[in-house]
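Before any comments, here is the structure.
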Amino acid sequence: MAIASVQQGPFALPHGATAHRSALDTAETRPSPLTRYHALIVGIEGVVTDTARIHAGAWQRTFDTFFRRAEHLPRHITRPFDPDGDFRRFFQGRARADGVQAFLTARGIPPPEDEGAWAPASRAVRTLVAHEDRLFDAYMQRHGVPVWPDSLRLVGAMRRHTVPVAAVSASRRAHALLAAAGVQHRFDAVVDGRVRATPLRTAVVVAAPAWVTAARRGGFGLVVGLDRAGRAEYAGELYERGAGHVVGGLAELIPAA
């Protein structure tokens, strides 16, 4: 399958995929902190592939359906799901069932009478997660998954410096996402939680604050946070969670040839 760039077609970014052009132009002369490490792990979702907007759209459709069936509730708590704010606040970097529980609780939506409370393992939450899951899979199978071009430039540069690169995801779709993006052959390994790395000799690049926390707790030698949108408050949170560096694009990490 051809690699789908985030710069074109239905994946055009509202912020513009060329926001960090200056970093691309000067990357060849900037030293990279990554070459000091024996291996590099990069997050599949948010670092290699741009899946956030696909998930956000799937959740929007899921909750649109849910709210249409809850017309008896006050309109202020069944207002449309915000694919930007609501997704980032409740779902990004979080297990989907936990996100559903947090979102519905924050909206003040009462749970089904036979369940008593929203809980990640409850039938109602599992039903919503399954609905989003089907929508995401259908989109992925039909359109593929868009790739951030700077991720492939970084992977290529690191491998030229004989630093192996693994792609990591907590999702069961790790291999399927890379295959849908057409980049499964670019990585030395795919880490899905069952593969062990040598933390102190390994650098990690991730995009969500929760993943920064997990990587820092894992004792990795360097944790880099990725903030493609250039939001100061988001970068601050990445640092607070334990990131050693925060970058606006992966070109900032590419070592000189």
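The values are calculated or read from the model by the stated rules, or taken from the named source; none is laboratory data. Here the structure is a predicted model, which is why all the values come from computation and not from measurement. All Cβ positions, glycine included, derive from the backbone under ideal geometry; neighbour counts span all protein chains shown. Protein only, heavy atoms only, side chains kept; ligands, DNA and RNA dropped before computing areas. Shrake-Rupley method; radii C 1.70, N 1.55, O 1.52, S 1.80 Å.
For this structure, a couple of remarks:
- Test: residue in segment 191-201 that is modelled with pLDDT of 95 or more, surrounded by fewer than 19 Cβ atoms within 10 Å (Cβ to Cβ) and farther than 20 Å from residue 102 by Cβ: no
- Selection status of residue 208, in contact (Cβ under 8 Å) with a residue 60 or more places away in the chain and buried (at least 18 other Cβ atoms within 10 Å of the Cβ): yes
- Test: residue 98 is open to solvent by 60 Å² or more (accessible area, probe 1.4 Å) and either under 17 Å from the mean Cα position of the chain (by Cα) or of a type outside the set (D, E, K, R) (or both): yes
- Those helices (runs of 4 or more DSSP H) of segment 75-181 in which 3 or more residues are in contact (Cβ under 8 Å) with a residue 60 or more places away in the chain occupy 123-143, 149-160, 174-181.
- Within segment 36-57, the residues that satisfy the criterion of being buried (at least 23 other Cβ atoms within 10 Å of the Cβ) and either in a helix (DSSP H, G or I) or among the hydrophobic types (A, V, I, L, M, F, W, C) (or both) are 40, 41, 42, 44, 47, 48.
- Of all residues in segment 219-237, at least one satisfies being outside any loop (DSSP other than H, G, I, E, B) and either among the charged types (D, E, K, R) or on the phi > 0 side of the Ramachandran plot (or both).
- Selection from segment 223-255 of residues that are among the charged types (D, E, K, R) and open to solvent by 60 Å² or more (accessible area, probe 1.4 Å): 233, 237, 240, 241
- Remark: residue 136 falls outside the filter, which requires a residue to be in contact with an Asp or Glu (Cβ under 9 Å, 6 or more places away or on another chain), among the aromatic types (Phe, Trp, Tyr) and crowded, with 17+ Cβ neighbours inside 10 Å.
- Scan of segment 157-187 for residues that are open to solvent by 60 Å² or more (accessible area, probe 1.4 Å) and closer than 21 Å to residue 251 by Cβ, ordered by number: 159, 160, 161, 162, 186
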